[in-house]
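Each remark here refers to the structure printed beneath this line.
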Amino acid sequence: MTDDSFQRTDNRLRNLSAVHRSPEPAFTFDTPFDRTGTGSSKWARAEAPGVIPLGLADMDLPGPPAVAEALERRTRHGAYGYTVCDPAGRSQVADWYRARHGVAVDPDWVLLLPCGPRTALRLLLDTLRPQAPVLFPTPEWAGFAQLCRAAGIAHRELPLPLGPDGYHLPDGPLPSPTAAVLLSSPHNPSARVWPTAELRALAERAAEADALLVSDEVHGDLTHPGHTHPVAVTTVDPALRHRVVTLNSVGKTFNCSGIPSSFALVPDPALRARFTDTLAGYGLWEGGLLEQTVQHAALREGGPWLDALLLHLAAARTRLTGRLGPAVRSAPQASYLLWLDAAALGLPPGAARRALLERCALEASDGADFGPGGTGSLRLNYALPGPVLDAVLARLERL
């Protein structure tokens, strides 16, 4: 299908729904938002009635109206057959990076993937078929270790130094041999935005070890006001870009992770071709009906909603960090994650999650799930409506 064909189809769908469209509501995140009956994984983690789940990285906030409207328009069409990849989707991703982050992404680098970021990373690992170990920091998102174990890939964890201003990327040469370095950027669980100089230095050390740097940036568009997210593939020395892959998705940013989609920035054409072949080997292809519908709407119309969301998240962050003070291990600069020292909260480090649940009826992620560097910590998600955040703060007074 050509660009013109996609545009004509999109125009027909818009005309079909024009009579049903209502005025754009103001973006507000201060009213209760009930997810009962939606099959929410986050709320399934609540272990008893009345518990507020704060563990899973999933927002209890309504997503952009533009995404809901786009899905409604598409479902009214009535035909849901095989789709091809919209060729304009690559340029749309590049335009988003230019407008949102002020960086130049070549549309040719973009792969539009019909799966979530976790699956995309597994497919990339299958493409690499690493013989040497894969490295990633600790504490770090548990998915890296899980995927490596599932793929039968040896891995090592590198401790992140913790300073008064938060975590820092490790210094010094990387162990040799190393096949790839996996990194969440911004950091998950602490929501720290990695300084540009540290990210560049890590890319240089990875190149010296003949390793690929894979930057998982699904929280990158959620950088708080006053901070700038360095997009790895455009931040590193141009001579090293062929050794970097950036993974991203509209899922975390626009609260639509239940419709799996992602995109990869792969400057190396040979690696890009191999990645595409791996997709085909699993019966997957670029694009996807619902994935493209959601991604187009989010990137095309979601900017104003995202701006309002970031103000809401920054205000919630300030309230929580003000209440929890020295228990905050690393001040969050992005996303909606808070990384806490259990002992500073008066909780037993070895059983902090259970103690918080019993004392405050608040469910959190156990820091031990984030590797050896996470033991004795808790991760909380504060992407909550205003009244729920009020309830969380009131319950924390029980500590």
Length added when fully stretched, Asp277-Thr38, from 0.36 nm per residue minus Cα-Cα
82.5 nm
Name the residues of segment 246-272 whose amide N is less than 17 Å from a point 7 angstrom out from the Cα of Asp108 along the C-beta direction?
265-272
If R0 is 22 Å, what FRET efficiency do you get for Ala197 and Thr321 from their C-beta distance, rounded to 0.05?
0.30
Using 0.36 nm times the number of residues separating Thr83 and Asp268, minus their current alpha carbon distance, what extension gain do you get?
63.9 nm
Based on DSSP H runs of at least 4 residues, each adding -39500 (n - 2.57), what is the mean residue ellipticity at 222 nm of the chain after dividing by all its residues, to the nearest 500 deg cm²/dmol?
-12000 deg cm²/dmol
With the full set of protein chains in place, find how many percent of the accessible area of the chain is carbon and sulfur; take the probe as 1.4 Å.
55 percent
Taking the convex hull of the alpha carbon atoms in segment 242-380, what volume per residue do you get, in Å³?
168 Å³
What number comes out for accessible area per residue over the chain if the probe is 1.4 Å? Units Å², please.
41 Å²
Can you bin the chain into rounded, prolate or oblate? Criterion: square roots of the alpha carbon gyration tensor eigenvalues sorted a ≥ b ≥ c, rounded for a/c under 1.5, prolate for a/b above b/c, oblate for the rest.
oblate
If you find the alpha carbon centre of segment 152-188 and of segment 74-116, how far apart are they in angstrom?
30 Å
Which value, in debye to the nearest 20, describes the size of the charge dipole of the chain about its Cα centre when Lys and Arg Cβ atoms bear +1, Asp and Glu Cβ atoms bear -1, and nothing else is charged?
520 debye
Let me know the Rg and Dmax you get for segment 305-399 when you use only its Cα atoms, in Å.
13.0, 40
Charge-dipole axis of the chain as Lys and Arg at +1 and Asp and Glu at -1 on Cβ define it, positive-most pick from Pro49, Leu320, Asn188
Pro49
What is the Cα centroid distance between segment 197-254 and segment 300-331, reported in whole angstrom?
22 Å
Over all Cα pairs of segment 295-336, how is the pair count split among 10 Å bins, expressed in % and running from 0 up to the last occupied bin?
26, 40, 22, 12, 1
The chain, relative contact order in percent, only Cα pairs under 8 angstrom and at least six apart counted:
24 percent
If you take all C-alpha pairs in segment 254-324, what percent of them are over 20 Å apart?
54 percent
At a Förster distance of 35 Å, what's the computed FRET efficiency of Leu162 paired with Glu72, Cβ-Cβ distance as r, to 0.05?
0.15
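The values are calculated or read from the model by the stated rules, or taken from the named source; none is laboratory data. What you see is a predicted model; the values in this text were computed from it and never measured. When we count neighbours, we look across all protein chains shown, and the Cβ atoms used for this are built from the backbone with ideal geometry, even at glycine. When the accessible area is computed, the model is the full protein with side chains, heavy atoms only, and any ligands, DNA or RNA have been set aside. Shrake-Rupley method; radii C 1.70, N 1.55, O 1.52, S 1.80 Å.
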